[in-house]
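Structure, as structure tokens:
Nothing in this text is a laboratory measurement; each read-out follows from the coordinates by a stated rule. The structure presented is a predicted model; accordingly, all values stated were derived computationally and were not measured. We place every Cβ from the backbone using ideal geometry, glycine too, and count neighbours over all the protein chains shown.
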Amino acid sequence: MTSTLGVSRPDQASYMLRAAAKDAGRAYKRQMLDLLDIQAGHAALDVGCGPGTDLPALAERVGDGGAVIGVDRDRAMLAHARARTEGLRQVEIREGDAHALPVASGTIDRAKIDRVLMHVDEPAGVLAELRRATRPGARIGLAEPDWDTLIVDAEDLETSRAFTRYTTAEVVRHATIGRGLARLAEQAGFRVETVLATTPVFRDVQEADHTLGLGRNLQKAIDAGHIDRARGHRWFAELSQGPFYASFTLVGVICSR
């Protein structure tokens, strides 16, 4: 493994674009857009649009007569999104928080929020905002991981399990929100139409290290006393020896207003 323990997280925009470009990322994103049934002329909203990964695809589906609004609170991400959608006249980038969307009530036909709810302060509040912003009959797509399902194959099974426990308890704010998406959507007043589960699989250890933060999060777990230092270093070194496997479950929910 060429990566090292304790390295900082890669540039967030590059990280998100790289993850979206992998086979698993492309597959679930395409499936979500297909199930949203976006039509020409629709107004589509991407909450937490990040560097604008999905905005061109949304723009293509709504056509020249539609509108796409990308919302994010990170100005660096917004700059990437604006650059990515330059020339797409139907796309508008707005700075704003998911808990207080800069969108008029009842104006959105289709909305998506992809791997954002696990980071926000109050997922239920964000879903309430989505309901406010959407029209009756609107369709909404949600996608979130369940990090309790993260598995990393290793002979030292207990350290792999300890790494998952640390990721769930300390690294991600709402680490198991994937399993609760359908329940949260119904509690917000949406009608759940489809629930899907996909399993991104990593066979390349360096790609897994980049996406799952194996080295950087292991070092944090060691520093916090959750994993023995020598055992953790040995586990990390052995991951690159022989075939590698890691996976987690990504839950998708399509619901309507």
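Database remark: amide H of residue 69 closer than 5 angstrom to the amide H of 44, 45, 46, 92 (H placed geometrically; neighbours at sequence offset of 5 or more, or on other chains; Pro and chain starts carry no H). Each residue of the range 41-47 was assigned a 3J(HN,Hα) from its phi angle through the Karplus curve 6.51 cos²θ - 1.76 cosθ + 1.60 (θ = phi - 60°); the sequence is x, 5, 9, 10, 10, 10, 8 Hz, with glycine and proline shown as x.
First measure r as the distance between the Cβ atoms of residue 60 and residue 173, then evaluate 1/(1 + (r/R0)^6) with R0 = 41 Å and state the FRET efficiency to the nearest 0.05.
Efficiency, from the Cβ-Cβ distance: 0.80.
At 0.36 nm per residue, minus the direct Cα-Cα distance, what do residue 76 and residue 191 gain on full extension? Give it in nm, one decimal, please. Working shown, then result.
Numbers: separation 115, 0.36 × 115 = 41.40 nm, distance 3.47 nm.
Gain on extension, residue 76 to residue 191, equals 37.9 nm.
Here's the picture: charge each Lys and Arg Cβ at +1 and each Asp and Glu Cβ at -1 in the range 12-256, and of 113, 69, 217 the one pushed furthest to the positive end of that dipole is 69.
Each Cα pair under 8 Å and six or more residues apart adds its sequence gap; the mean of these over the residue count of the range 12-256 is a relative contact order of 19 percent. On the basis of the beta-carbon distance and an R0 of 35 Å, residue 26 and residue 229 show a calculated FRET efficiency of 0.35.
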